[in-house]
Amino acid sequence: MSLRIRLTLLYTLLFLVCGGALIAITYGLLAANLSRTTVTEYGPEAPPPEFIDACKRVLNGGTTEDTNLRGKCQAAYDQGLIAGVESQREATLDALLWQSGLSLGAATLLSAVAGWFVAGRVLRPVQRLTAAARTATEHNLSARVALGGPRDELRELADTFDGMLDRLQRSFEGQRQFIANASHELRTPLTVMRTSVDVVLAKPHATEAELVGMARDVRAAVEHAETLIEALLTLARSNGGRHGSEPTDLATVAEDVLDGTDRGDRQVQSALEPALTTGDPVLLERLTANLVDNAVRYNEAGGTVWITTSTVDGHARLEVANQGPAVEPGAIGELFQPFRRLHERTGGDGFGLGLAIVAAIAEVHGGTVQAAPRPDGGLRVTVTLPG
């Protein structure tokens, strides 16, 4: 049976049980009241003279005077009156029972019809949810319930379902865009390798120097592809959730990252105070390394990189800033999207994944990332994580 039929039967059964209980209570109260009614409550009442004369004639043939005849006649009259009251009581209770039963049967049928329509109205939002779920596919997640009315449990369920579809739609769109961008980025090293190989194979007698040059080009392209794949795996791991959780000091992480970073001609100014947080040390090290690497790569010649760690209001904070070209405030949001680069921040060895990985790692640790352009050029990125 469908849910609508089960709800209708439930409504009808509840109505029948409640109606039967009401009839039983009414019947019991009325029967109790009528059983307490006796002849003495109406009297004593003397029988009429005609009844006494008739009674005498019946008892004594109407000829002999008997002083006990009046008492006998009074008793007979009282018994007849009591019998009449009992008969009326039984008739009243029987009529109440039958009429109430017929009324309950008719009302039960009406309640079943009403329950059918009420159940249909109550289940209408569920039917809309079912229709939206059937319509939703990987390629079409635009269907929404958009349920109106009061904010009850069904409205909350519909809003939750719509929110889930919104998140799924954004996720699928992001994945499609990510796959398209990743395919485009991976095509470059593959093209380089294929071109290098084709050039050498096109020569009938390739020299050793040409073969060595081809090998170097292929090796550089492979390293480029490996770096890109490693960045993609890090981003996927970050989006997949936290894998480890242990106390970590961002100051120590930043110091280790600075020791292993090739700064070139950049100057580094650091102020590393304790900044304790809890999370995956590997991901937090990658977050810090990406920020420092971006600050060094997208910097002016001989520029400065500032890195600061601190604890503010119980939260661990990591701040990395650099000098460089001016960044438009409206373009800040694009920097945290995968494979998004600004023209003035494009480097030959970058993929546009650094800040996207930073944002994903911060989000999985329950933190936030904020970026703002510096007044004299460059960018300041601030990561805040729970303490």
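Counting other Cβ atoms within 10 Å as a rough exposure proxy, the listed residues TRP98, TRP116 run TRP98, TRP116 from fewest neighbours to most. Spacing of the modelled spin labels on GLU223 and LEU22, each 7 Å from Cα toward Cβ, amounts to 8.9 nm. Work out the FRET efficiency for VAL122 and ARG170 from their Cβ-Cβ distance, taking R0 = 30 Å, and round it to the nearest 0.05. For VAL122 and ARG170, the calculated efficiency is 0.40. For region 243-325, the list of GluC sites (Glu not before Pro) that fall in a loop by DSSP and count at most 15 other C-beta atoms within 10 angstrom reads GLU300.
A simple spin-label model places the labels of SER270 and ALA107 8.4 nm from each other, with each point 7 Å out along Cα-to-Cβ. Ranking of SER310, SER111, SER103 by neighbouring Cβ atoms within 10 Å, starting from the fewest: SER103, SER310, SER111. With a simple spin-label model that places each label point 7 Å from the Cα along the Cα-to-Cβ direction, the separation between THR188 and SER310 comes to 3.7 nm.
The order of TYR27, TYR11, TYR298, going from fewest to most other C-beta atoms within 10 Å of their C-beta, is TYR27, TYR11, TYR298. Taking amide hydrogens as placed 1.01 Å from N in the peptide plane, the amide H of THR248 sits under 5 Å from those of THR277, THR278, GLY279, each at least 5 positions away in sequence or on another chain. Subtracting the Cα-Cα distance of LEU157 and SER2 from 0.36 nm times their residue separation leaves 53.8 nm of extension gain. Share of pairwise Cα-Cα distances greater than 12 Å in region 268-323 is 67 percent (whole percent). Scalar couplings 3J(HN,Hα) for region 314-331, obtained by applying the Karplus form with A = 6.51, B = -1.76, C = 1.60 to θ = phi - 60°, are x, 10, 7, 10, 10, 10, 10, 9, 8, 8, x, x, 5, 10, 5, x, x, 9 Hz; x denotes Gly and Pro.
The numbers here are math on the coordinates, done by the rules we state, and not lab data. On a predicted model such as this, the values are computed, not experimentally measured, just so you know. In this analysis, Cβ positions are derived from the backbone assuming ideal geometry, glycine residues included, and neighbour counts consider all displayed protein chains.
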